[in-house]
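As C-alpha cells, the structure follows; a few thoughts come after it.
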Amino acid sequence: MVNYQFSLLKSNQQTTPLPFMKKVLIASSLFLFTCVSYAQTPEQDSKENYLHEIKSELIVKWPENQTINLVFHGHSVPAGYFKTPDVNTLHSYPFLVLKGIKEAYPYAVVNVINTAIGGEDSHSGQKRFNKEVLPHQPHILFIDYALNDRRIGLETSKKAWEKMIVKALKKNIKVILLTPSPDLKVDLTEPGNELDLHRQLIIELAEKYQVGLVDSYDIFQKIQESCNCVMEYMSQGNHPNEKGHQLIAEEILTYF
C-alpha cells in the first residue's frame, strides 16, 4: 500500500499542487502510524510501558523514594502452598518476584503483601476485596484464581474478576492477571480443556481492560509439549514446586 501511494504521487507530481501532496503524505503517515500501533498487542505494549511510572519510582534514592506495595490476591499457589499443608512462603512466586526486583532496584523499598487464601475462588475473593485488599493501597495488584475457579464456572468467574479489576482501576492501581498454573489431572496439550477455557477468559479480560497479563499456563503448556515433564515443576498435583514458582516469577519480572 505504501509503494502504491508513493507511485501515485510520483506519477502526478507535475500536475498535483504541492499543498495537496503534503496533505496526502501526512494522511498516509498517520494511517501507517495507526496501523503499527494497532498491530501491537496489549501485552507487547504493557511489557515495555505498563509499569513505566512505577519503574521510575523504583530507581529513586532515599529520602525522595516511596514504598511500593505489591499485593498478590488469589488461592493456594500465590499463598505459597507446596505439598499441603506445607507453606513455603519464601520460595513462592510473590517473594521470588520481590527478590528479583530488589536485585534490579537496590534503592527501592518494596512491600509484598499476600492476601491469597488456600482453597478460595474469585467469587469469595471478590467479596473481601474492599476490606482486605484495597486498604493495603497496592501500586500493583496481581490476581491468580483460575485453578479454583473451575468449580464456579466461567460466567461467575468472569463477573468476579471484572468487579475486582474495575475497582482497582478506579483507584489507579496497576493490575496484572495470571492465567492458571498446572493441575496434573488436566492435559495441557489438549485444546479447550477446563484450564484452557479459563486461560482464554483471563486473556480476554486483560485485553478488554488493557491491563497486564502473565500467561503461566502457556509457560507450562510449552514445557509439556516439549518434554512431557511438567511434573518436575510440581510439588503435588495442583501446586508448583520452587522451580515452577520460579518460572512464574521470571515472567512477572519481565514487566520490571
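Structure summary
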read-out	value
Centre separation in Å (Cα based) which lies between the stretch 206-235 and the stretch 81-138	19 Å
Value of D in µm² per second that Stokes-Einstein yields for the stretch 47-254, Kirkwood Rh from Cα pairs, at 10 °C (1.306 mPa s)	92 µm²/s
Accessible area in the full protein assembly, largest first, 1.4 Å probe, for K61, K55	K61, K55
Apportionment of accessible area to carbon and sulfur, the stretch 47-254, percent (1.4 Å)	50 percent
Over the stretch 134-256, volume per residue of the alpha carbon convex hull, in Å³	114 Å³
Candidate lysines for bridging to K83, where Cα separation is under 26 Å - those fewer than 8 sequence places away on the same chain excluded	K99, K185, K222, K243
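The values are calculated or read from the model by the stated rules, or taken from the named source; none is laboratory data. Everything numeric in this text was worked out from a predicted model, so none of it was measured. For the accessible areas, the whole protein counts, side chains as well, though only heavy atoms, and no ligand, DNA or RNA atoms are used. Shrake-Rupley method; radii C 1.70, N 1.55, O 1.52, S 1.80 Å.
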